[in-house]
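Right, one structure below, let's go through it.
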Amino acid sequence: MASLSRSEPDETPGEYEKRLTSEKIMPKNTYVRRGILNSLAVTGVLPNVFVQTHFNAWTDFEDIVSHEEKLANTRGRSDMEMPWAAWKGELKINWDVVEELFGEEYVLSM
């Protein structure tokens, strides 16, 4: 989470993944890292610019993926998926959701 907190406002998901690789704080496997990041996006920890997601609220998959065509970073790419693909550095982290999922102690330790 600290790494995401340091994101520049214009950082894209792809740029963040490259930075994350260089920071060596997550598994080397691209698909494992992306799975973790996409899971954080689906639960609402990582907000996105198009659709609000939250672990306590249902969002239809069709509603989520229907926004992929609006993103410049997903055109022709099957490996960058919503909702993670619509995250931007300026959005950082939804600390309220982090606290709900992981507890106040975790948030305070960041």
Checking the a/c ratio against 1.5 first, then a/b against b/c, what shape does the Cα gyration tensor give for the range 1-82? prolate
Please name which of V32, L46, V65 has its Cα lying farthest along the dipole of the range 5-68 towards the positive end, using unit charges on Cβ (Lys, Arg +1; Asp, Glu -1) and the Cα centre as origin. V32
Let me know the charge dipole size of the range 15-95 about its Cα centre in debye, to the nearest 20, where only the beta-carbon of Lys, Arg (+1) and Asp, Glu (-1) is charged. 480 debye
Per-residue [θ]222 nm for the chain (sum of -39500 (n - 2.57) over DSSP H runs n ≥ 4, rounded to 500): -11500 deg cm²/dmol
Please list, or write none, the lysines whose alpha carbon is within less than 25 Å of the alpha carbon of K70, excluding same-chain residues fewer than 8 places away. K18, K88, K92
Which far-off residues, 5 or more places away or on another chain, put their amide H under 5 Å from the one on I93, with H placed in the peptide plane? none
What does the net charge come to around E8 if you take all other residues with beta carbon closer than 15 Å to its beta carbon, with K and R at +1 and D and E at -1? -1
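Net charge near G89: determine it from the other residues with C-beta under 11 Å of the C-beta of G89, scoring Lys and Arg +1 and Asp and Glu -1.
Working: positive: R6, R19, K88, K92; negative: E8, D10, E11, E15, E90.
Surrounding charge for G89 is -1.
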Could you please state how large a percent of the accessible area of the chain is carbon and sulfur, counting protein chains only and using a 1.4 Å probe? 52 percent
Determine which residues of the range 79-105 fall in the zone a paramagnetic label at S66 would reach in this model, i.e. backbone nitrogen under 19 Å from the point 7 Å along Cα→Cβ. 81-87
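The values are calculated or read from the model by the stated rules, or taken from the named source; none is laboratory data. What you see is a predicted model, and the numbers here were worked out from it, not measured in a lab. Glycine gets a Cβ as well: all are built from the backbone with ideal geometry, and neighbour counts include every protein chain shown. Heavy atoms of the whole protein, side chains included, go into the accessibility calculation; ligands, DNA and RNA do not. Shrake-Rupley method; radii C 1.70, N 1.55, O 1.52, S 1.80 Å.
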